[in-house]
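Asks: Once you've had a glance at the structure underneath, I'll fire off some questions.
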Amino acid sequence: MTSPDSPIRVVLWRHGQTDWNVENRFQGHSDIPLNKVGHYQASEAAKVLAALRPDRIISSDLIRAQETAAPLAGLTDIKVEINPNLRETDGGLWEGKLASENRATHGELFANWYEGGDEPAGVTGERRSDVAKRAVAVIEKETTNFSGTIVFVTHGGTVRSVLGSILKLPIAQWGVIGGLSNACWSILELTKHHT
């Protein structure tokens, strides 16, 4: 049991591998399942994360995140809560295409976006700042009046945007935050400030 003054531990867990990750296809909002390796990664990572004794598990609504959350839910007997605001960046016209195809069709835009610009992904998609706003809002809401550990099962671009925003880095510098590999995680400890 945690006391009201206990820190809040936020675990940002990227989904396991999909075939599109292997092919270097832009996934975004496309609902691609884990592949065999991804299922293995998720179940191995779940054993480690279960030792953190999470109190809640909140997942993106995309199947690759839900399939990643499932083994941890099974080990901890915690019901997975679903929140679509933890989704990956909407990749617009880039979704389902290889990085090489996106470079060929939208060279300058893709290069600027890839280097950390805040342009809309794939012309019609989301800006990094929009992804950060919606995902950070979920984390802030769910950690208000809460002590303990929450595992947020999400996506690589979303994690980078959340971390960049929480660390108050200029958007152009969010790229310095190394991308998480499939089924890896980042842990933040948030302390409560008493006024």
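Asks: Over the Cα atoms of region 51-123, what Rg and Dmax result, in angstrom?
Replies: Spelled out, the Cα radius of gyration and Dmax of region 51-123 are 16.9, 48 Å.
Asks: For q values of 0.23, 0.28, 0.29, 0.32 Å⁻¹, compute log₁₀ I(q)/I(0) with the Debye formula on a Cα-only model of region 115-168, without solvent.
Replies: -0.92, -1.20, -1.25, -1.37
Asks: While we're looking at this one, here's another question. Accessible area of the chain with a 1.4 Å probe: how many percent of it is carbon plus sulfur?
Replies: The value for the chain is 53 percent carbon and sulfur by accessible area.
Asks: Related question: Suppose we look only past 14 Å in the calculated P(r) of region 75-115. What percent of the Cα-Cα pairs does that tail hold?
Replies: The proportion of pairs with Cα distances above 14 Å equals 60 percent.
Asks: At what distance in nm do the modelled label points of D130 and I63 sit from each other, each positioned 7 Å from its Cα along Cα→Cβ?
Replies: A separation of 2.5 nm, rounded to one decimal place.
Asks: How big is the equivalent ellipsoid of region 7-88 along its three axes, where each semi-axis is √(5λ) from the Cα gyration tensor, reported in whole Å from largest to smallest?
Replies: 22, 14, 10
Asks: Which lysines, if any, have their Cα less than 19 Å from the Cα of K133, not counting same-chain residues under 8 positions apart?
Replies: Candidates past the 8-residue exclusion: K141, K168.
Asks: What is the Cα convex hull volume of region 75-174 when expressed per residue in Å³?
Replies: 117
Asks: Further question on the same structure: Ordering K47, K97 from largest to smallest accessible area (1.4 angstrom probe), what's the sequence?
Replies: Descending accessible area places them as K47, K97.
Asks: Leaving out ligands and nucleic acids, and using a 1.4 Å probe, what accessible area per residue does region 17-118 come to in Å²?
Replies: 50
Asks: Roughly how large, in nm² to one decimal, is the mean projection of the convex hull of the alpha-carbon atoms in region 88-135?
Replies: Projected over every direction and averaged, the Cα hull of region 88-135 covers 3.0 nm².
Asks: Quick one, which of (i) 105; (ii) 134; (iii) 121 is the actual volume of the Cα convex hull per residue in Å³ calculated for this model?
Replies: Among (i) 105; (ii) 134; (iii) 121, the one derived from this structure is (i).
The values are calculated or read from the model by the stated rules, or taken from the named source; none is laboratory data. What you see is a predicted model, and the numbers here were worked out from it, not measured in a lab. Neighbour counts run over all protein chains shown; Cβ positions are idealised from the backbone, glycine included. Accessible surface areas use protein heavy atoms only, side chains included; no ligands, DNA or RNA. Shrake-Rupley method; radii C 1.70, N 1.55, O 1.52, S 1.80 Å.
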